[in-house]
Amino acid sequence: MFCNSCGHQNADGARFCINCGADMSAATRSAYQQPNYQQPDYQQPGYQQPNYQQPNYQQPGYNPYASTGYSPMGISRREIITCILLSIVTCGIYGIYWLMCMVDDLNKACNEPQPTTGGTVVLLTLVTCGIYGFIWAYRAGEQLCRARQARYGYPGENNSVLYLVLSLFGLSIVTYCLIQSELNKLATQ
């Protein structure tokens, strides 16, 4: 209800205006009460968007992420020759970074719930004087099988023993190249 003197809106049944203190008796109140107005019930016409199907214009083998180096799975595509050269130029420091990135990319490809991170693999390899690196190389082959199974529906060949033997003979860089090659295939297909 509105005050007769100042027009301020007050609670229904108020005796005095809270703004100016004017008496809001029933005689003055009825003249200034707003009528109950009800919005008419309008119905929105039922319009439905037509379902247009866009044709698939992609060429076979087209990868929209090829130029960016990222795949929908979140795996980075890396040039193997560049990684080898950077590892040689930086006296192996880039190789450590490359290993960390490969471990993280393998974990993304497998979508494992509690994976060992790249930093943990590097740390455990240093602490165990390289022994954990052999264990990781064997497990990397198994992870690649699980990643192919998740991506393509079949596991492919398991190269765990090959990765382990190469690492045992001091050819870990070759193991890294083979694993990165598989990750690049997962990233681009």
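The values are calculated or read from the model by the stated rules, or taken from the named source; none is laboratory data. The structure displayed is predicted, hence computed values, not measured ones. Neighbour counts are summed over all protein chains in view; Cβ atoms, including those assigned to glycine, are modelled from backbone coordinates with ideal geometry.
Things worth noting here:
- Residue count, region 59-90 (criterion: at pLDDT 50 or above and on the phi > 0 side of the Ramachandran plot): 2
- Against the criterion of being of a type in the set (Val, Ile, Thr) and in contact with a Leu (Cβ under 6 Å, 6 or more places away or on another chain), Thr175 qualifies.
- Among the residues making up region 158-189, those that are free of Cβ contacts under 8 Å to residues at least 12 places away in the same chain and not hydrophobic (A, V, I, L, M, F, W, C) are Gly170, Lys185.
- So Ala137, is it outside any loop (DSSP other than H, G, I, E, B) and closer than 16 Å to Gly95 by Cα: yes
- Test result for Gly46, at pLDDT 65 or above, of a type outside the set (A, V, I, L, M) and closer than 17 Å to Cys177 by Cα: no
- Here Gly170 meets each of (1) crowded, with 17+ Cβ neighbours inside 10 Å; (2) over 18 Å from Asp105 (Cβ atoms); (3) small (Gly, Ala, Ser) with one exception, condition (1).
- Some residue of region 100-121 being outside any loop (DSSP other than H, G, I, E, B), farther than 19 Å from Leu166 by Cα and at pLDDT 90 or above: no
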